[in-house]
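Here's the structure, in structure tokens; my notes come after.
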Amino acid sequence: MERCGRAEVFRLLLLVCWLMVGPVLAQVRHPLPVLWLMPMRENLTAGVGPAVRLALQDLKKQPPPLGNYELQLQLLDSQCDPAKSLKALFDAMWAGPKYMLLLGGVCPSVTALIARSLPALNLVQVSFAATSPSLSNRKWYGNLFSTVPSDRALNQATVKLLQRHKWTRVGIITQETPRLSQMRKDLLRQLLKAEVQVVSTESLSDDVCSSLKTLKDRDVRIIIGQFEEDSAADVFCCAHRLNVFGAGYQWMVVDGGTAGWRLGRRVSGCSDNNLHQAADGSIRLQVRQLRNANTAGVSGRTPQDYRDSYLRQLIQEGSHFSPLHAFAYDTVWVAAKALSQVTEAVKHREKYSVRRNVTVSEEEVQKMLLEAVRSTQLEGVTGPVFFRNGERMTAIELIQFQGSSGVLVGEFSTSTQQLRLLNHLLKFKGPGPARDRTLVRLQRRGVNLLVYSAVSSAAAVIIIITLIVLCFIGIHRKHRLLRSSAGPQDQLLLLGVLLSSSWVLVSGLDGSSVSDWTFETLCSVRLWTLSVGHTVGFTVLLTRTWRVYSLCRIKHQQQRRRQRAGRVVLCLLLLDVFVLTTWQILDPLRRVVLQHRSESDSSGLDVVVRPYSELCSCANMELWLTAVYGYKGPLLGLGCFLAWSIRSVQVGRHLTLSVFAVTVFSASGVTGSLLTSHNPPVQFCVSSVLILCCNIFVLSFLFGPTVSHLWVNGGELQGDAAEEEDEDQLSRLNQQLRRRTAQLDAEIETVTMQLSEMSESKMLHKRTNNGEVRPVSWTHEAQVCADDRKPSRPEDVNSPELVRRRFSVQLPILHHSYLPVVGGVSSSSSSLFGGRDAFVHQDVLMTTVTSCPPDAARLESRHC
């Protein structure tokens, strides 16, 4: 009995001891060492400190297993220096205890360096300030997580807003800070992917007003501003001065802050009313700071309760407000939940493992912690907290400045990539969203229909007249007036007039009446018709001028060169075809749109009219034009020289005027075309008028007199048939006599040479009155110019010597006396100078014979 009583007392004492010691043991929390990397010299540490301490206090109130652990934060001063931060981290890791998780990381350069070394140190980092888009690379920063959304999410929301309002042309103005510079690079990449044109990217490091003026000069209407809150007043003050606000502009401020609008800071030169007026209607994209729903989260606090507690703690400590305090609060909860979950899993594995005394390696613990943070899902004060590729999924708020306050007009979900706008709250200064550019209304500037009709009618009339003249010449080609002309050359000249006049009909057509393919085809047609027509027409005039010049200047023996006129026309035409074909193959003409200076339109706001014209051009247009002008210019100069040389000839006056007219009109056309190349309609009018005037001038001077004479003297055409038959017979007789004349010339030359040789070889001696004997040579010259004395005896008249004298003199005289009959004068009146040359030759010979004095027996006939 005594032993049983003692046992009961012992059990009672044990129960009392358990009741007394048990609650004490239950309140003991296991420490979890965590490194906290923050710059101590920054006010940010003092601003987020109260939020971190508030989170640690709320963790103590949590039930097990989360309440069984206590986070012990070891603060490291990064000083925003990557080298010093890395040294401090290594020292802490060496000194111990064993750390598995790193909190914080504010400076982008420090965060980037530390995050790349985390896998080697078996650490996982959870930050509340890592927003740089470059940290989204999971290959380099796979152990980094951030509870604040990345700046890449802000850029995605910006692109979605631009696409919603169909804005495809923007300008960017950025403050030069490391974070905003990285943000701008990512925004440019996303805008390029979304096919949004960035007109200009300006910096606020220079003069703010000059940067805004550059955007205004480039007609930027949608302006994306990336600047911090303290620079907002300066930017909108310059916007008010330059009038870069209102219905024609839309500002989008993307800075990633959470503090909202603050434009109260006074700026020299701008009042508060000016700042509010310039910022009115602008939209700011910012990260949501607190949850909208007023429900308790994982900590048991509502967003409003947390905010009130944070502000009280802030006032008690006298610290500065930090916009990241709510994200720091949720970061502590993410770290605590992940560490407690991993610790419990490690204990469970070590306790219930099949093998005894099993210790989990550091690599396995690091992988378990990494997976625990990756799969974290909790309801924080900033909203649902979960990660995707290391980035926090949350909502981006769109706040529009209206009056003097900001209004929530929409939000962008980073998880669904959807933009939701509250259109009933969204207000614009104009009737709707601003245009992304000045509305440009294109206006084709072509040839006026009335002008084209008038010019084309004139060209058609000239073409009809040319065809009539061509038919008229073909019908009456046997008339002596027409036969005296160049014949086929007239037809070539009329062909050149037809081609150049046809150019006018096809040059007035533009894109309004034909398709683009047809327009490019007409470009080649225009080039060939004008160039070939000019070459054929002027070459005919050049050969005619050269023919008249040859008749006037070149000797009779060289007149047969006139037969080469057809070869000249053919050679120049082949040269023109070669150049044009090479041009067409190597660098064909294409349709080119020429933009003219914009003009304001009074019919609408921000609307301008931009006229444009269509023309034919190629890559080396100047080079090909130089090649064409290079061989046509000298021909024009040669034609003018020849025309000036025959200006005194009666038959060449009209030809001279025609050559000079073509040259003047050609030079004027080239000059006018080059001077008006910037205005194709005016160029067409100038070129067409000059071409048509040139054609009218050629037709009037070269074909007008002949056609009018035949038209007025139409009765004479009936008697021309018989006259033409007679002329044909005379022409055939003339050809026969010419051949006979050539034979007689050869015989006379032979006889004359024989007589000369005989008379020179025979010397006679004559005795004078004094009894002297002197030699006498009976030459042909002596026979022609002998003394006029009669023979002493009648029988001497028929002596052989006198017969030879008469024969040597009479045969040449008889031959030349019959020249008018045997061919001295052509049977056709078309030979303008043949008869004159023949008669001049005969007169010269007769003068030679008759002008010799009686005592000139010793002079030779070739000297006369």
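The values are calculated or read from the model by the stated rules, or taken from the named source; none is laboratory data. Because the structure is a prediction, the values reported are computed rather than measured. Because the Cβ atoms are built from the backbone with ideal geometry, glycine has one as well, and the counts that use them run over all protein chains shown. Calculation scope for accessible area: heavy atoms of the full protein, side chains included, ligands and nucleic acids excluded. Shrake-Rupley method; radii C 1.70, N 1.55, O 1.52, S 1.80 Å.
Give the residue that is most open to solvent (accessible area, probe 1.4 Å), with candidates limited to residues of the stretch 91-117 that are part of a loop (DSSP other than H, G, I, E, B) and more than 23 Å from S375 (Cα to Cα). Top of the filtered list is K98. Selection of first residues in the stretch 682-696 that are among the charged types (D, E, K, R) and of second residues that are assigned to a helix (DSSP H, G or I) and surrounded by 21 or more Cβ atoms within 10 Å (Cβ to Cβ), restricted to Cβ pairs under 9 Å at least 6 apart or on distinct chains, gives an empty result. The condition of being modelled with pLDDT of 90 or more, open to solvent by 20 Å² or more (accessible area, probe 1.4 Å), within 19 Å of L324 (Cβ to Cβ) and outside any loop (DSSP other than H, G, I, E, B) holds for only one of R189, R152, R179, that being R152. Go through (1) under 56 Å from the mean Cα position of the chain (by Cα); (2) free of Cβ contacts under 8 Å to residues at least 12 places away in the same chain; (3) surrounded by fewer than 14 Cβ atoms within 10 Å (Cβ to Cβ) for S361 and report which single condition fails. Of the numbered conditions (1) under 56 Å from the mean Cα position of the chain (by Cα); (2) free of Cβ contacts under 8 Å to residues at least 12 places away in the same chain; (3) surrounded by fewer than 14 Cβ atoms within 10 Å (Cβ to Cβ), the odd one out for S361 is (1).
Considering only the stretch 506-514, I want to know if a residue exists there that is in a helix (DSSP H, G or I) and either modelled with pLDDT of 90 or more or of a type in the set (D, E) (or both). No - not one qualifying residue is present in the stretch 506-514.
Screening the candidates V332, V346, V298 for the property of being among the hydrophobic types (A, V, I, L, M, F, W, C) and either without any contact (Cβ under 8 Å) to a residue 12 or more places away in the chain or assigned to a loop (DSSP other than H, G, I, E, B) (or both) yields one hit, V298. Number of residues in the stretch 63-90 that are over 27 Å from A115 (Cβ atoms) and open to solvent by 40 Å² or more (accessible area, probe 1.4 Å) equals 4. Number of residues in the stretch 320-338 that are open to solvent by less than 10 Å² (accessible area, probe 1.4 Å) and more than 15 Å from L370 (Cβ to Cβ) equals 11.
This table checks each residue for (1) touching a Cys at 6+ places or on another chain (Cβ under 9 Å); (2) modelled with pLDDT under 85.
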| residue | (1), (2) |
| --- | --- |
| G669 | yes, no |
| S687 | no, no |
| S700 | no, no |
| L710 | no, yes |
| E723 | no, yes |
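Only a single item in (1) more than 23 Å from the chain's Cα centre (by Cα); (2) open to solvent by 20 Å² or more (accessible area, probe 1.4 Å); (3) over 14 Å from Q175 (Cα atoms) is not met by I222, and it is number (2). Taken together, A120, A129, A157 contain a single residue that is outside any loop (DSSP other than H, G, I, E, B), surrounded by 19 or more Cβ atoms within 10 Å (Cβ to Cβ) and out of contact with any helix residue (DSSP H, G or I) (no Cβ under 7 Å at 6 or more places or on another chain), which is A157.
The residue of the stretch 387-421 that is surrounded by the most Cβ atoms within 10 Å (Cβ to Cβ), among those that are more than 14 Å from A153 (Cβ to Cβ) and in contact with a Ser or Thr (Cβ under 9 Å, 6 or more places away or on another chain), is F401.
From the list Q341, Q313, Q277, Q304, the one residue that fits, being without any contact (Cβ under 8 Å) to a residue 24 or more places away in the chain and open to solvent by 30 Å² or more (accessible area, probe 1.4 Å), is Q304.
Are any of the residues in the stretch 15-30 modelled with pLDDT of 85 or more, within 30 Å of A120 (Cβ to Cβ) and touching a strand residue (DSSP E or B) at 6+ places or on another chain (Cβ under 7 Å)? Checking the stretch 15-30: at least one residue is modelled with pLDDT of 85 or more, within 30 Å of A120 (Cβ to Cβ) and touching a strand residue (DSSP E or B) at 6+ places or on another chain (Cβ under 7 Å).
Against the conditions (1) part of a helix (DSSP H, G or I); (2) within 22 Å of T394 (Cα to Cα), R53 satisfies every one except (2). Within the stretch 62-89, the set of residues being in contact with a helix residue (DSSP H, G or I) (Cβ under 9 Å, 6 or more places away or on another chain) and hydrophobic (A, V, I, L, M, F, W, C) comprises L66, L71, L73, L75, L76, C80, A83, L86, L89.
A quick yes/no check of all residues on (1) outside any helix (DSSP H, G or I); (2) open to solvent by less than 30 Å² (accessible area, probe 1.4 Å); (3) in contact with a Gly (Cβ under 8 Å, 6 or more places away or on another chain):
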| site | (1), (2), (3) |
| --- | --- |
| C523 | no, yes, no |
| L527 | no, no, no |
| S531 | no, yes, no |
| V536 | no, yes, yes |
| T545 | no, yes, yes |
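For the stretch 649-667, the criterion of being over 19 Å from A458 (Cβ atoms), modelled with pLDDT of 80 or more, under 34 Å from the mean Cα position of the chain (by Cα) and not polar (S, T, N, Q) is met by at least one residue.
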